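Coordinate-derived values only; no laboratory data. Quick caveat, the model's predicted, so the values are computed rather than measured. Here the Cβ is made from the backbone with ideal geometry for all residues, glycine too, and neighbour counts use every protein chain on show.
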Amino acid sequence: MLNITEYSVELVKDPFGILDGKRYEFILDLDVPDDDELYSENGVYARVIYNLADSGSRIVKYELRERSTDRYLEIDLEDEELAAFAQFCQEELEAGVDVE
């Protein structure tokens with residue numbers, strides 16, 4: 001399982017009103033075990049776009065990147081990893097985290 005070690009969150013403006021509610025961009029620093037296919041000596045982070053709406057909240061998009069090179073990693077997360085990210089984002093927003 002991937003552990004989130006640090007994060008930042010920012011409100012993303014939606015000038016076209018494509019999605020109901022608000023969109024947030026989370027940058028999640030990940031602690032990845034050595035034996036995981038996602039492991040990189042350079043470190044890994046996830047960029048997660050999370051939509052918080054009355055009709056239902058969800059991850060709209062995510063991407064994984066190598067920390068020091070910012071190289072995109074073409075790896076799909078497993079369902080339980082995505083669910084953990086979604087739960088983390090939801091809990092942080094419910095806790096009233098300061099959003100830049």
For peptides 48-56, 71-79, sequence by mean Cβ density within 10 Å, most packed first | 48-56, 71-79
0 to 90° range, to nearest 10: angle between helix 79-94 axis and the chain longest Cα axis | 50
Taking just the C-alpha trace of the chain, give me its Rg and Dmax in Å.
-> 13.8, 43
Approximate spin-label separation Tyr39-Ala84, in nm, with each point projected 7 Å along Cα-to-Cβ | 1.5
Burial ranking of peptide ranges 19-26, 37-44 (average Cβ count within 10 Å, highest at the top) = 19-26, 37-44
Relative contact order for the chain: what is it in percent, counting Cα pairs under 8 Å that are at least 6 residues apart?
-> 23
